[in-house]
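The values are calculated or read from the model by the stated rules, or taken from the named source; none is laboratory data. Keep in mind it's a predicted model, so treat the numbers as computed, not measured. Neighbour counts are summed over all protein chains in view; Cβ atoms, including those assigned to glycine, are modelled from backbone coordinates with ideal geometry. What goes into the accessible areas is simple: the full protein's heavy atoms, side chains included, and nothing from ligands, DNA or RNA. Shrake-Rupley method; radii C 1.70, N 1.55, O 1.52, S 1.80 Å.
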Amino acid sequence: MFCPNCGKQISDNSKFCGFCGAVMTPPAASVAEQPVAAPVETAPVVEQPVVAPVAEQSVAMPVVEQPVAAPVEAAPVAEQPVAAPVEAAPVVEQSVAAPVVEQPVAAPVEAVPVMEQPTMTASMPQSAAPMQSQPQQMYQQPVYQQPMAAPMQQPPQSNVSPFSPVPPVEEKKKKKGKAGLIVAIVVLLLVLAGGGVFVFMRMNSPAKKIAAAFAANDIDTVVELYEKVGDKEMDEVVSQAREYAEKLTEGYLDGTGEQDYKTVSNTLSKLQGSVLSGDKELAGWISTIESVEDSRSAFKLAESYKEAGNYVEAFSEYAKVIKEDELNYAQAQQAIEETENLYREAVIKEARSYEESGNYEEARDVYEEALTVLEGDTQILSAIDDLEAAVVQQAFVEALEEADRAAGEGRYSDAIGIINDAMEIQGISGAQQQALTDKLSEITAQMYVDGTILGTWRMECDFSEAITAEMGSEFDDLDAPFIVNIMFGFYEDGTFKMYVDEESFRENFNDWLDELLVYAADIVYDMFGEMGLSKKDADELVQELYGMTMEEYLKESMMSELDVEKMIEETLENAETNGIFRVEEDRLYIGEEEINENQYDLFHFEEDKLIIEQVDGAEGEEFLPGISYPFELIREQ
């Protein structure tokens, strides 16, 4: 059936609604309505057979309220007990309409208040005549049966019953006993009823309903009933809530719970806003499941990246998986290692594909990017070392090939420059250095065999005419050569140097000076001869005046006029020139800092001599004062 108060379905036998506590009223027993007979005047008593007396009882059983017919005024009747059928004593036959002996009417007994029970139908006075059948009453009191009395004559009519079935004293005692029994029954019913109410109230308290709601995962009901919880039950409810929240959190974390993250999060938030307001441990659980949910989302994303081959993105997501994520943390750590291996293999494969095509820079870029992800990875570092070795090896091989090609074309300076550059390659091994040195020696040897200009060359220049031209016409007949060795060095690095050999310069200068002094003395002697003095007289005069010979006097006079040492240093300094050169076939390009492609000389070899001459049609010019083309250079080394 359904509760008429709250509408919940309950058991048909329930006395109380387990949801709202309303008392249930069971339907009344069906009783046939009977018309109430009008009062009948008592007929004169006639002699009748004596029947067994029936003990008079007052029935006051507890009843549940039932709808009853409207009361009908009737003559007072004696309240009689409803008894089970008993065998009647033999009676004298009489008609149904025989007058009924008037029974004394018992005084009304005040009923004791009792719990509502099913209503009983009141007994009407019965005559000895047969009566219509009445509905069976729900409860019956045992009938006290008096011992059968012997028939006797009816005494004269009086107001007293013709016989007294029970002595007065004895009847009084029995009535007292029945009253006690009734009281005891009423008290028992009250105790039972009170206990039922207590149990009902206990079972229907907010705390019990909240416990049932927790069991049904009905948090909305918990929040609603929480406002009705009293202080005495609050600790119990808080304990229930904390236990439920902890179990819910643990179930989510270890995967044994049935609720998903959204449900768990909403539930904990509702508890935080009601039963567990301000609970720090609950706040920690909420924070934990939020972090774990992010962790699980990151793990799923990382798995998809890994499957698609996006290993760098997968690393980033796997790194977000936290230890509190019991379902994924161990798997994430294993997946990181697997992804590292997959990424490393992909990187090395890609880089080596560049290496094979000679794109070493691209290969290096791939490795360097990988190191930003797999920092310090030994396999990547080893692959980079292999790459660098391959780069050096390629440069080494290319240098040898290019140097051979240049030397074969007679471009020895280029060949030597290539080898020198290769020796500066970073990371070149000792064995490769030795191979380059051997190649350099080979090119140098070939260069000398082929008459290369590399090396040191000497060009002898006679500066006597240039000097005497500055000294005056009286020295025009001076035949004293002043040979100066101009040195040319053509080096393997493409540079050259022109300078005056200082040692030979000083030596040749002294020799020229000696010749000059002899020539000058002859001029002086001629002057003294014109004065009438002989060479001897002139020497004695000079010796007498200056204390030295004519040559000594002239040399000292010249030296006083000329700063010879300064002249030598300036000559050496001005003669030195540095620059660069390049040889192409028979062309010699020379410049101080850069090559002018439109200016060059031609050269060829004559045995151990290098002949340098101007291009046909070029304007002749002196290389140095008194020195002009063609130049003849003698190999020194």
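For Thr452, the solvent-accessible surface computed with a 1.4 Å probe is close to 10 Å², ligands and nucleic acids excluded. Couplings 3J(HN,Hα) of segment 517-529, computed from phi: 5, 4, 5, 5, 5, 4, 5, 5, 4, 4, 5, 5, x Hz, in residue order, whole Hz [Karplus 6.51 cos²θ - 1.76 cosθ + 1.60, θ = phi - 60°; x for Gly and Pro]. Karplus-based coupling profile of segment 566-582, in residue order and whole Hz: 5, 4, 5, 5, 5, 5, 5, 6, 6, 7, 7, 9, 10, x, 10, 8, 8, with θ = phi - 60° in 6.51 cos²θ - 1.76 cosθ + 1.60 and x standing for Gly or Pro. For segment 253-396, the alpha carbon positions stretch 81, 25, 19 Å along the principal axes, listed from largest to smallest. Rounded to the nearest 20 debye, the dipole magnitude of segment 239-300 is 140 debye, with +1 charges on Lys and Arg beta carbons, -1 on Asp and Glu beta carbons, and the Cα centre as origin. Using the Cβ-Cβ distance between Asn510 and Ser473 with R0 set to 22 Å, the FRET efficiency works out to roughly 0.30. Mind pulling up the Rg/Rh value for segment 547-612? Radius of gyration and Kirkwood radius, both on Cα. Reported Rg/Rh (Cα atoms, Kirkwood Rh): 1.34. Look at the Cα gyration tensor of segment 495-637: its axes a ≥ b ≥ c give a/c of at least 1.5 with a/b over b/c, and that counts as prolate.
Spacing of the modelled spin labels on Val524 and Glu345, each 7 Å from Cα toward Cβ, amounts to 10.3 nm. In the full protein assembly as shown, how much of Tyr226 is accessible to a 1.4 Å probe, in Å² to the nearest 10? Taking all protein chains as shown, Tyr226 has close to 50 Å². The listed residues Met423, Met567, Met498 rank as Met567, Met423, Met498 when sorted by accessible area, largest first, using a 1.4 Å probe. For segment 543-583, the fraction of alpha-carbon pairs lying more than 11 Å apart is 73 percent, rounded to a whole number. Against the compact-protein benchmark of 2.2 N^0.38 Å, the Cα-based radius of gyration of segment 284-343 scales to 1.10. Within the accessible area of segment 213-267, the carbon and sulfur atoms contribute 44%, probe 1.4 Å, all protein chains present.
Run the 1.4 Å probe and let me know the accessible area of Trp285, rounded to the nearest 10 Å². Approximately 40 Å² of Trp285 is accessible to the 1.4 Å probe.
List the residues whose amide H sits under 5 Å from the amide H of Cys461, counting only those 5 or more places along or on another chain, with H placed 1.01 Å from N in the peptide plane. Close amide H contacts, sequence-distant or interchain: Val484, Asn485, Ile486. Taking all protein chains into account, the per residue accessible area for segment 561-615 stands at 69 Å² (1.4 Å probe).
Computed on protein heavy atoms with a 1.4 Å probe, the accessible areas place Phe2, Phe496 in the order Phe2, Phe496, largest first. Largest to smallest in accessible area, the residues Glu593, Glu540, Glu345, Glu236 fall in the order Glu593, Glu345, Glu540, Glu236 (1.4 Å probe, all protein chains included).
A simple spin-label model places pseudo-atoms 7 Å from Cα toward Cβ; at Lys323 and Asp493 they are separated by 6.2 nm.
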